Amino acid sequence: MNQADAGRVLLLRAFETSAVSPWTEDDAAGATRSALQAVGSTAAPDAFLAARAQAGLQRLAGREPALAGWSPQPSAWAGLLPLGLGAAAFVLGLVVDRIGSGQGINLLAPPIWALLAWNLGAYAVLLWAALRRRAPAGPLRSALQAALRRAAPRLPTAPPWAHFAADWAAARLPLQGARLGQALHLGAALLAAGVIAGLYLRGLVLDYRVSWQSTFLDAAAVQSLLGGLLAPASALSGIGLPDLAGWQALRGPLPADAPGASAAPWIHLYALTLLGAVVLPRLLLAGAAALRAGRLQRQFPLPLHEPYFQRLLRQQRGQALPVRLWPHARAPEAAARSALQRLLAGAFGPGAVLHVAPTVAYGSEEAPTDLPPAGTLRLVLCELGATPESESQGRLLQALTPPGGVPPWLLLDEAAFRQRFGATSPRLQERRQAWRALAEGCAAGIVFATLQDGADLAEAEAALQAAQAA
């Protein structure tokens with residue numbers, strides 16, 4: 001989906017998953033119905049989610065006034081950032097200090113070599129970042145990212161909006177990285193282009209002369225160094241480089257009354273070197289970053305594998321999530337079954353279908369019945385007050401683990417334990433830790449829930465969503 005649709009989807013998710021929100025279950029069902037009527041059950045996932053978000057935000061609009069002032073469309077100035085930075089860089093290159101003192105140029109010391117070294121260093125960082133598959137970092141990039149965050153529209157501080165702001169900032173990082181890369185590459189290219197333009201503009205009105213000076217280098221070393229750096233430009237332009245005697249003749253400061261050697265051929269060589277080593281590569285990199293930014297804006301990536309999206313997509317396809325539960329030692333009572341249904345509906349939506357297998361008695365853990373088909377979420381229900389033992393519950397977990405698959409998750413009912421010892425008892429954490437140790441020993445996940453009427457199941461719902469994702 002595009003960036004605007006992705007923004008709506010993430011905003012609706014923030015309202016739908018927030019503990020403090022005007023969103024209701026009727027809103028969720030209505031938004032799903034509207035999306036199915038608009039795009040159908042066979043539409044692509046992105047089309048269904050975008051249509052549902054559009055319908056859901058319309059339902060929220062009357063109760064959430066801040067929605068009227070929020071727009072998912074990208075700001076117009078974001079596309080102008082590369083052009084603005086590039087124009088500023090060109091002007092900076094154009095007005096940069098002269099390449100020599102007075103009208104004499106030391107061939108070893110013009111700012112051109114510093115500019116060239118900076119870009120070669122930048123290429124090395126980019127190559128390292130590409131090999132590590134991570135975004136390159138630097139003070140200029142960090143400053144621009146901070147400026148983008150400050151320029152973003154201010155959002156309300158209510159919990160759903162705060163949740164959305166964090167999700168939206170994380171989701172936009174790849175797109176912002178591409179835009180920043182485009183701006184920085186274009187800026188570097190136009191900075192070098194400005195320097196080249198400045199060389200020729202000053203050469204029109206000033207008669208530059210060249211020499212070289214060094215305390216540590218002799219003519220042979222300078223010939224090897226500058227000859228290697230300028231060799232590609234010399235080959236392209238046909239401008240020959242001096243021989244050893246010629247380099248020796250250029251050594252030393254220019255006497256005030258000596259004509260010296262004209263800088264014109266050297267300016268051509270410098271310009272071609274900057275063009276080939278800086279301007280063209282940076283323009284290519286800027287173009288690649290622009291293409292990537294455009295693709296990300298049109299095909300904005302969302303984590304559709306997460307439980308929230310998977311639950312919605314199952315609703316679109318009319319599929320139910322099968323859940324198989326094996327009680328250990330004791331069958332759940334009516335209140336616990338009701339809480340279980342509420343827990344599954346909160347975690348996976350109303351389409352979750354719970355099937356409770358026969359209770360597994362102590363000593364019968366190695367031969368559980370009613371094994372489920374693939375794709376079923378498998379849970380083993382135990383009471384927190386029971387003693388976790390690898391010879392009993394551990395064997396049951398192993399027996400329910402398919403070959404090469406993952407073990408089922410342990411679902412620990414804390415209702416009876418809390419009633420007996422209290423919710424603040426230190427024994428609660430001690431008992432939880434004992435069950436965690438058993439789960440870790442069996443490589444199984446674990447969910448703690450208070451299966452009784454009116455209990456808060458939000459933490460357990462999140463853990464079950466993680467179990468389904470795994």
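Every number here is computed from the coordinates shown, using simple stated rules; none is lab data. These numbers were taken from a predicted model, which means no experiment stands behind them. Heads up, the Cβs are rebuilt from the backbone with ideal geometry, glycines too, and the neighbour counts pull from every protein chain shown.
Taking a ≥ b ≥ c as the square roots of the Cα gyration tensor eigenvalues, with a/c under 1.5 meaning rounded and otherwise prolate when a/b beats b/c, else oblate, which class fits the range 149-221? Prolate. With the cut-off at under 19 Å, measuring from each backbone N in the range 6-20 to a point 7 Å along the Cα-to-Cβ line of T157 picks out 19-20. Note down the net charge around Q297, summing +1 for each Lys or Arg and -1 for each Asp or Glu among other residues with Cβ under 12 Å from its Cβ. After counting each charged neighbour, the total is +4.
R342 label point, 7 Å along Cα→Cβ, cut-off 20 Å on backbone N: hits in the range 354-384? Those under the cut-off are 354-356, 381-384.
E391 sits among other residues whose Cβ lies under 11 Å from its own Cβ, and their net charge, with Lys and Arg +1 and Asp and Glu -1, is -2. This model, with +1 at the C-beta of Lys and Arg and -1 at the C-beta of Asp and Glu, gives the range 3-68 a dipole about its Cα centre of some 80 debye. Could you point to the residue in L381, L67, A463 farthest towards the positive end of the chain's charge dipole, with +1 and -1 charges on the Cβ of Lys/Arg and Asp/Glu respectively? Farthest towards the positive pole: L67. Placing +1 on the Cβ of every Lys and Arg and -1 on the Cβ of every Asp and Glu, with nothing else charged, gives the range 320-469 a dipole about its Cα centre of roughly 80 debye. For the range 320-469, dividing the convex hull volume of the Cα atoms by the residue count gives 104 Å³ per residue.
Across the options A170, A289, P139, the greatest Cα extent toward the positive end of the charge dipole of the chain (unit charges at beta carbon of Lys, Arg, Asp, Glu) belongs to A289. Amide H to amide H distances under 5 Å link F448 with L412, where only residues 5 or more positions off or on other chains count and H is placed in the peptide plane. Measure nothing but the geometry: give the 0 to 90° angle between the long axis through the Cα atoms of 458-469 and the longest principal axis through the Cα atoms of the chain, rounded to 10°. The answer is roughly 70 degrees.
The range 181-232 and the range 399-428 have Cα centres lying 71 Å from one another. Of the beta bridges in the chain, as assigned by DSSP with both residues counted there, near 10 percent are antiparallel. For Kirkwood radius over Cα pairs in Å, the choices are (i) 24.0; (ii) 28.2; (iii) 27.0; which was calculated from the structure? The calculated read-out lines up with (ii).
Fully extending the segment from L201 to A87, taken as 0.36 nm per residue of separation minus the present Cα-Cα distance, adds 39.3 nm.
Taking a ≥ b ≥ c as the square roots of the eigenvalues of the Cα gyration tensor, an a/c ratio of 1.5 or more together with a/b no larger than b/c marks the range 334-380 as oblate. Neighbours of G349, meaning other residues whose beta-carbon lies under 13 angstrom from its beta-carbon, give a summed charge of +2 when Lys and Arg score +1 and Asp and Glu score -1. Oblate is the label for the range 1-73. Its Cα gyration tensor axes, ordered a ≥ b ≥ c, give a/c of at least 1.5 and b/c at or above a/b. Remark: the chain carries a charge dipole of roughly 840 debye about the Cα centre, counting +1 on each Lys and Arg Cβ and -1 on each Asp and Glu Cβ.
Taking all Cα-Cα distances within the range 224-346, those exceeding 21 Å account for 70%. Take the Cα of I239, step 7 Å toward its Cβ, do the same at Y362, and the gap between the two points is 9.4 nm.
In the chain, the longest principal axis of the Cα atoms and the axis of helix 307-317 are about 70 degrees apart.
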